[in-house]
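The values are calculated or read from the model by the stated rules, or taken from the named source; none is laboratory data. It should be emphasised that the depicted structure is a prediction, and the values quoted were computed from it without experimental measurement. Please note: Cβ atoms are built from the backbone with ideal geometry, for glycine as well, and neighbour counts cover all protein chains shown.
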Amino acid sequence: MALHNGTGSKLTKTNGETTSQQHAASNGHGENNPFTFASEPTLEGIRRMQAEFTDERNWNQFHQPRNLLLALVGEVGEVAELFQWRGEVAEGLPDWTEPEREHLAQELSDVLIYLVELAEKCHVDLPQAVLRKMALNRLKYPASKVHGSAKKYTEYKD
Ligand SMILES: [Mg+2]
């Protein structure tokens, strides 16, 4: 049984330039400005939109945690395909075309949508869980100890 979230890659090539340019303009992304996200939608907003989308199609019956996990992994594979055989890619993807950037935006969105729905179906409050995990990461990797090093936390000495 195929799972759907309505943002499949078949729709990729439509309207790519307009979307990316509008985003760049509305988000204030100039060449010298650091990249930031828009403030909306929140993760709760994404959860609600996807819940409405699946309810309207009676697809909730297929969206159990394990199915959602497999769908999520599949979408991560679709993101990986876009980077496959390109070698290292510079930040901001300067050599990518607008349709390629829009395709990536759509596949990353698929990943996020399934991640949010998986968290919902597992009753994990994802924004709050991220706060807890970031606190743990700060303890695990104290900036004073690990600055500029890519070692795993088990490799650090006190
Ligand atoms: Mg996809």
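Descriptive notes on the structure:
- Residues that are away from the ligand (no atom under 16 Å from the Cβ) and in a helix (DSSP H, G or I) occur in the range 63-83; there is at least one.
One line per residue, one yes/no per condition, for (1) within 16 Å of the ligand (Cβ to nearest atom); (2) in contact (Cβ under 8 Å) with a residue 60 or more places away in the chain:
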| site | (1), (2) |
| --- | --- |
| 41 | no, no |
| 50 | yes, yes |
| 92 | no, no |
| 115 | yes, no |
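- When each of 141, 156 is tested for being without any contact (Cβ under 8 Å) to a residue 60 or more places away in the chain and exposed (fewer than 14 other Cβ atoms within 10 Å of the Cβ), the lone residue that passes is 156.
- Only one of 18, 7, 36 that is at pLDDT 75 or above, over 23 Å from residue 124 (Cα atoms) and hydroxyl-bearing (Ser, Thr, Tyr): 36
- Per the conditions (1) assigned to a helix (DSSP H, G or I); (2) within 23 Å of residue 83 (Cβ to Cβ), the sole criterion not satisfied by residue 94 is (1).
- Positions within the range 36-60 being surrounded by 10 or more Cβ atoms within 10 Å (Cβ to Cβ), touching a helix residue (DSSP H, G or I) at 6+ places or on another chain (Cβ under 9 Å) and part of a loop (DSSP other than H, G, I, E, B), in sequence order: 41, 42, 59
- When each of 70, 136, 118 is tested for being under 24 Å from residue 41 (Cα atoms) and either exposed (fewer than 11 other Cβ atoms within 10 Å of the Cβ) or of a type outside the set (Asp, Glu) (or both), the lone residue that passes is 118.
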